[in-house]
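Engineer: Starting off with a structure, shown below.
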Number of protein chains: 2
Amino acid sequence: MSASPVPATCKVILAQGIAKKLLGEVSTNLQKLSFKPKLVGLLANEDPAAQQYADWSMATCIENGFDFELRKFTKEDIEDEILKANNDDSIHGIIVYYPIFPAPSLQDGYIQQIVALNKDVEGLAHTYRFNMYQNIRFLDAPHNTQKSILPCTPLAVVKVLEHLQIYNSVLPYGNRLYGKTITVFNRSEVVGRPLAALLANDGATVYSCDLDGVKLFTRGKGIKKVHHEVHDMEGMKNDDCLPKSDVVISGVPGERFKKNFDGPAVKEKASIYVPSIGKVTIAVLLRNLLRLVDNQGKGSSKPEETSS
Amino acid sequence: MSASPVPATCKVILAQGIAKKLLGEVSTNLQKLSFKPKLVGLLANEDPAAQQYADWSMATCIENGFDFELRKFTKEDIEDEILKANNDDSIHGIIVYYPIFPAPSLQDGYIQQIVALNKDVEGLAHTYRFNMYQNIRFLDAPHNTQKSILPCTPLAVVKVLEHLQIYNSVLPYGNRLYGKTITVFNRSEVVGRPLAALLANDGATVYSCDLDGVKLFTRGKGIKKVHHEVHDMEGMKNDDCLPKSDVVISGVPGERFKKNFDGPAVKEKASIYVPSIGKVTIAVLLRNLLRLVDNQGKGSSKPEETSS
């Protein structure tokens, strides 16, 4: 391997710092409330990763001044337990740890829709997802006092890109990724597809890469286009997207794919590298919880003009 | 193989006859309307099976006095096309042909929820599925004028069981399968799980069998139980369910599993055998379409007391 003509100057930015800034904003808004918002975690599987995520969300809640209660039960009771939490006024947000009924079962998709809209801290309700894809930012148009909730992981990526100034705040709100080309590896319903849509709705040109090929997400032509367009890029290979891109995001789970980003090749080519976003995701979860409290009419904060 | 001590007397009952009876009821209700209800089929895949199902639903619609229009387009346009049909007052029902984005993608699950509740002829909307699992029969309690739509295939099985008098109309409505034990092979969200729940809600003891084991669906103890209970039958094998059962239903797609039912063994043991239910499913689709017309306030028929 020949030496790079220019010394590598890749700056590694850790999630922790970005999360801290977000948690600072959360703390400021929390202090305006006269009570501790309560998040309930519902755990109905034996997956150690889910238990770990539950422990982690509990610790972050407690540290940041929120109430948290973890409830464990069998898979068969999940529907009734969610309904119970929906109807309990002392609970402000609900998080369900998936998977409960693993693929190929589609039962988890059914369960996700049981959580009450105004307690769905993860933004998995169909209404929220539809609003995200359709680029509808509020639940109560034309009053626009209740913000639609965005799913935590895609929103965490947006927050990272804002921090890195990929979002350009000189541009008008809603078009702050104009001129940026972004490649997103993974097109799942959980991360990759919502993320590609969010970024395109904010003005980016997005190559969405997955095993079944490349799709191009764009804002669409003309300023009247309210939501993104998707085009099948037949014949284009995932690798073709990289040289065209300002930003490359991997939403692919699994260590083998992650090795593509951990090696020296990335650090020689990239100017900034963010190894993981888990801590930002949990900060965003608490931010969503405060949004829900607002939407429940129990909050005091006003909606701000931000990209999410 | 030793000869059976009693001569086989298995009666084969074909779906066609059952469908004909249902279509007769549909025709009677259709004549009360002053217009032809219109079903629109949305086809966005190249699957020959979907095209065949589309052709078949079109033929059944036309034969039975309904309007039908097939609209074809690319996968990328499906969301916008559904929204267009939702907003078109001349369309009374919408059927989308799946799969569009095949597994492991969960995008079809998102698409299903785009169809307007009052045009969802297949009963795939979360509200309908939730009502089915929770045994809620109407959309507008306590007025109870708008019937909740049941998914076509599980409802077709119910109609077959009514025809075969497995449902006992001497028993009170809502408990007409009391005392019956039914095994259902397959626990998918499309057929097996909703069917097991429907049958248990109607009073049956249901063994739900799939690759990950047996679950028992029952009405639950006490007359106050509003919806079924599910119990994990750890250690029980799928084969153990057969000798306990009055009825065995296969919802398993694929020819290899079907051979279990087509051979002489079934006809030597069973008293009644129904080889397929496809024609009943389409009759039920038209029945659902009339329900939707009623719910849209454009109908003339009154809700009847039946098991669905």
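The values are calculated or read from the model by the stated rules, or taken from the named source; none is laboratory data. Quantities reported herein were computed from a predicted structural model and do not represent experimental measurements. Here the Cβ positions follow ideal geometry from the backbone for every residue, glycine too, while neighbour counts run over all protein chains shown. Please note that ligands, DNA and RNA were not included when accessible areas were found on the heavy atoms of the full protein model with its side chains. Shrake-Rupley method; radii C 1.70, N 1.55, O 1.52, S 1.80 Å.
Engineer: Applying the selection to region A:169-191, what residues are within 14 Å of chain B (Cβ to nearest Cβ), touching an Asp or Glu at 6+ places or on another chain (Cβ under 7 Å) and free of Cβ contacts under 8 Å to residues at least 60 places away in the same chain? Let's see the steps before the verdict.
Structural biologist: The initial filter retains those residues of region A:169-191 that are within 14 Å of chain B (Cβ to nearest Cβ), namely A:186-191.
Cutting the leftovers down to touching an Asp or Glu at 6+ places or on another chain (Cβ under 7 Å) gives us A:186-187.
Hit for region A:169-191 is A:R187, nothing else.
Engineer: Could you tell me how many of the residues in region A:49-77 are in contact with a Leu (Cβ under 9 Å, 6 or more places away or on another chain) and within 14 Å of another protein chain (Cβ to nearest Cβ)?
Structural biologist: Here the count works out to 1.
Engineer: Can you tell me which of (1) at pLDDT 95 or above; (2) farther than 17 Å from B:V284 by Cβ is the one B:G174 doesn't meet?
Structural biologist: The one condition B:G174 does not meet is (1).
Engineer: Answer yes if at least one residue in region B:210-226 is open to solvent by 30 Å² or more (accessible area, probe 1.4 Å), acidic (D, E), over 15 Å from the mean Cα position of the chain (by Cα) and at pLDDT below 85, and no otherwise.
Structural biologist: Checking region B:210-226: not a single residue is open to solvent by 30 Å² or more (accessible area, probe 1.4 Å), acidic (D, E), over 15 Å from the mean Cα position of the chain (by Cα) and at pLDDT below 85.
The rows are residues; the columns are (1) more than 22 Å from the chain's Cα centre (by Cα); (2) in contact (Cβ under 8 Å) with a residue 24 or more places away in the chain; (3) open to solvent by less than 40 Å² (accessible area, probe 1.4 Å).
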position	(1), (2), (3)
A:E255	no, no, no
A:K258	no, no, no
A:A270	yes, yes, yes
A:Y273	no, yes, yes
A:G278	no, yes, yes
A:V284	no, yes, yes
A:R287	no, yes, yes
A:K298	yes, yes, no
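Engineer: Could I ask something else about it? Using the structure shown, decide if A:E122 is within 14 Å of chain B (Cβ to nearest Cβ) and in a loop (DSSP other than H, G, I, E, B).
Structural biologist: Against the criterion (within 14 Å of chain B (Cβ to nearest Cβ) and in a loop (DSSP other than H, G, I, E, B)), A:E122 does not qualify.
Engineer: Further, regarding this structure: Would you call A:T183 farther than 21 Å from B:E79 by Cβ, surrounded by 15 or more Cβ atoms within 10 Å (Cβ to Cβ) and among the hydroxyl-bearing types (S, T, Y)? So that I can check it myself, show each step before the final result.
Structural biologist: Details: farther than 21 Å from B:E79 by Cβ: yes; surrounded by 15 or more Cβ atoms within 10 Å (Cβ to Cβ): yes; among the hydroxyl-bearing types (S, T, Y): yes.
Here the answer is yes, as A:T183 does meet what is asked.
Engineer: Say whether the condition of being farther than 15 Å from A:T281 by Cα, of a type in the set (S, T, N, Q) and either buried (at least 19 other Cβ atoms within 10 Å of the Cβ) or in contact with a helix residue (DSSP H, G or I) (Cβ under 8 Å, 6 or more places away or on another chain) (or both) is met by at least one residue in region A:3-18.
Structural biologist: Here is the first cut: in region A:3-18, the residues farther than 15 Å from A:T281 by Cα are A:3-13.
Imposing the further condition that a residue be of a type in the set (S, T, N, Q) reduces the set to A:4, A:9.
Those still in the list that are either buried (at least 19 other Cβ atoms within 10 Å of the Cβ) or in contact with a helix residue (DSSP H, G or I) (Cβ under 8 Å, 6 or more places away or on another chain) (or both) too: A:4.
Yes, some residue in region A:3-18 is farther than 15 Å from A:T281 by Cα, of a type in the set (S, T, N, Q) and either buried (at least 19 other Cβ atoms within 10 Å of the Cβ) or in contact with a helix residue (DSSP H, G or I) (Cβ under 8 Å, 6 or more places away or on another chain) (or both).
Engineer: Looking only at region B:125-168, count how many residues are within 14 Å of chain A (Cβ to nearest Cβ) and more than 17 Å from B:A19 (Cα to Cα).
Structural biologist: 12
Engineer: Being touching a residue at least 60 places away in the same chain (Cβ under 8 Å), in the same structural domain as B:V230 (by the TED database) and at negative phi is the requirement here; does B:I166 meet it?
Structural biologist: Details: touching a residue at least 60 places away in the same chain (Cβ under 8 Å): yes; in the same structural domain as B:V230 (by the TED database): yes; at negative phi: yes.
Yes: the conditions hold for B:I166.
Engineer: For the subset of region A:89-107 comprising residues that are free of Cβ contacts under 8 Å to residues at least 40 places away in the same chain and surrounded by fewer than 21 Cβ atoms within 10 Å (Cβ to Cβ), which member is nearest to the other protein chains (Cβ to nearest Cβ)?
Structural biologist: Of region A:89-107, the ones free of Cβ contacts under 8 Å to residues at least 40 places away in the same chain are A:89, A:101-107.
Still in the list and also surrounded by fewer than 21 Cβ atoms within 10 Å (Cβ to Cβ): A:89, A:102-107.
Numbers: A:D89: 21, A:P102: 9, A:A103: 6, A:P104: 6, A:S105: 7, A:L106: 4, A:Q107: 6 Å.
Result: A:L106.
Engineer: Next question. Name every residue in region B:125-159 that is in a helix (DSSP H, G or I), in contact (Cβ under 8 Å) with a residue 12 or more places away in the chain and of a type in the set (A, V, I, L, M, F, W, C), in order of residue number. So that I can check it myself, show each step before the final result.
Structural biologist: Initially, region B:125-159 is screened for residues in a helix (DSSP H, G or I), giving B:126-133, B:152-159.
The next check asks that each one be in contact (Cβ under 8 Å) with a residue 12 or more places away in the chain; those that pass are B:126-129, B:131-133, B:152-159.
Result: B:M132, B:C152, B:L155, B:A156, B:V157, B:V158.
Engineer: While we're here: Scanning for something more than 22 Å from A:Y128 (Cβ to Cβ), among the polar types (S, T, N, Q), within 14 Å of chain B (Cβ to nearest Cβ) and part of a loop (DSSP other than H, G, I, E, B), does region A:37-48 turn up at least one residue?
Structural biologist: yes
Engineer: Moving on. Name the pairs: first residue in region A:22-33 and under 10 Å from A:L286 (Cβ atoms), second residue open to solvent by less than 40 Å² (accessible area, probe 1.4 Å) and assigned to a helix (DSSP H, G or I), Cβ to Cβ under 6 Å, at least 6 apart or on different chains?
Structural biologist: A:L22/A:A283; A:L23/A:A283; A:V26/A:L286; A:V26/A:R287; A:N29/A:L290
Engineer: Can you pull out the residues in region B:109-119 that are more than 7 Å from chain A (Cβ to nearest Cβ), open to solvent by 20 Å² or more (accessible area, probe 1.4 Å) and outside any loop (DSSP other than H, G, I, E, B)?
Structural biologist: Scanning region B:109-119 gives B:Q112, B:L117, B:N118.
Engineer: Answer yes or no as to whether B:L242 is at pLDDT 95 or above, farther than 21 Å from A:I100 by Cα, assigned to a helix (DSSP H, G or I) and more than 14 Å from every other protein chain (Cβ to nearest Cβ).
Structural biologist: Working: at pLDDT 95 or above: no; farther than 21 Å from A:I100 by Cα: yes; assigned to a helix (DSSP H, G or I): yes; more than 14 Å from every other protein chain (Cβ to nearest Cβ): yes.
So B:L242 fails the test.
Engineer: So how many residues does region B:58-85 have that are closer than 14 Å to B:L39 by Cβ, surrounded by fewer than 20 Cβ atoms within 10 Å (Cβ to Cβ) and over 23 Å from the mean Cα position of the chain (by Cα)?
Structural biologist: 1
Engineer: Give all pairs with beta carbons closer than 6 Å in which a residue from region B:224-243 that is under 18 Å from B:V266 (Cβ atoms) meets a residue that is among the β-branched types (V, I, T) and modelled with pLDDT of 90 or more; count only pairs at least 6 apart in sequence or on separate chains.
Structural biologist: These pairs meet every condition: B:C241/B:T183.
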